[in-house]
């Protein structure tokens with residue numbers, strides 16, 4: 001049995017899952033990183049050129065209305081996807097390429113991008129709700145070998161979440177992801193934003 005006295009409960013042991021599209025990255029708590037501290041990143045693409053994903057648990061302190069031809073301030077949730085191209089809106093959805101042309105399949109039931117005007121039309125018509133489309137300001141990106149280096153340095157743990165949790169804007173994805181890791185990582189579930197405030 002592991003000697004708990006000798007375990008750093010905030011450290012990461014590599015779990016050897018590959019950072020593939022459809023999986024998540026769970027950051028080390030209290031890393032001090034401006035963008036990724038206590039983040040869950042959904043990977044939408046990973047290949048020999050690099051990796052792209054979106055932070056699922058960093059809401060932007062504004063909302064938006066989605067309309068054909070553009071976006072204006074309103075009631076739709078907007079999430080900070082990452083520090084790259086943070087002046088652009090990106091989205092993932094459950095509609096697929098038959099409904100949203102140009103969509104790219106990420107994993108079973110989840111797609112990335114496509115015709116924004118079609119998404120706007122489907123939202124206006126009430127055919128897509130907030131659990132069918134998630135909008136992000138910017139994205140998270142890593143060049144070839146950069147993410148693998150950060151995983152080896154134990155900044156990230158690679159994990160999995162059900163598509164329904166990925167798309168549920170009310171879900172606490174941090175708790176769900178940590179719960180799936182199990183073991184000693186369960187102590188991460190209720191960590192405060194700042195340990196000095198506890």
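The values are calculated or read from the model by the stated rules, or taken from the named source; none is laboratory data. As the structure is a computational prediction, the values presented were derived from the model and not from experiment. Note that each Cβ is placed from the backbone with ideal geometry, even for glycine, and that neighbours are counted across all protein chains shown.
Tallying residues that are at pLDDT below 95 and either at positive phi or more than 18 Å from the chain's Cα centre (by Cα) (or both) within segment 100-114 yields 1.
Here residue 71 clears all of (1) within 15 Å of residue 138 (Cβ to Cβ); (2) exposed (fewer than 10 other Cβ atoms within 10 Å of the Cβ); (3) at pLDDT below 65 except the condition numbered (2). In this structure, is residue 175 within 20 Å of residue 60 (Cα to Cα) and in contact with a helix residue (DSSP H, G or I) (Cβ under 9 Å, 6 or more places away or on another chain)? For residue 175, the condition - within 20 Å of residue 60 (Cα to Cα) and in contact with a helix residue (DSSP H, G or I) (Cβ under 9 Å, 6 or more places away or on another chain) - is met.
Taking the numbered list (1) under 20 Å from the mean Cα position of the chain (by Cα); (2) at pLDDT below 95; (3) surrounded by fewer than 19 Cβ atoms within 10 Å (Cβ to Cβ) in turn, residue 79 passes all entries but (3). As a summary of the residue check, residue 139 satisfies the conditions (1) part of a loop (DSSP other than H, G, I, E, B); (2) modelled with pLDDT of 95 or more except for the one numbered (1). Of the candidates 108, 145, 98, the single residue that is loosely packed, with under 13 Cβ neighbours inside 10 Å and under 13 Å from residue 163 (Cβ atoms) is 108. Taking the criterion of being more than 12 Å from the chain's Cα centre (by Cα), in a loop (DSSP other than H, G, I, E, B) and within 19 Å of residue 175 (Cα to Cα), the residues of segment 145-163 that qualify are 155, 162. Looking only at residues that are under 19 Å from residue 29 (Cβ atoms) and without any contact (Cβ under 8 Å) to a residue 40 or more places away in the chain in segment 148-169, which one is surrounded by the fewest Cβ atoms within 10 Å (Cβ to Cβ)? Across segment 148-169, the extreme among qualifying residues is 153.
Residue pairs whose Cβ atoms lie under 8 Å apart, sitting 6 or more positions apart in sequence or on different chains, and linking a residue in segment 170-185 that is at negative phi and surrounded by fewer than 16 Cβ atoms within 10 Å (Cβ to Cβ) to a partner that is modelled with pLDDT under 90 and part of a helix (DSSP H, G or I), are 179/186; 184/4.
The set of residues from segment 52-61 being under 24 Å from residue 175 (Cβ atoms) and either in contact with a helix residue (DSSP H, G or I) (Cβ under 7 Å, 6 or more places away or on another chain) or part of a strand (DSSP E or B) (or both) comprises 53, 54, 55, 56, 57, 59, 60, 61.
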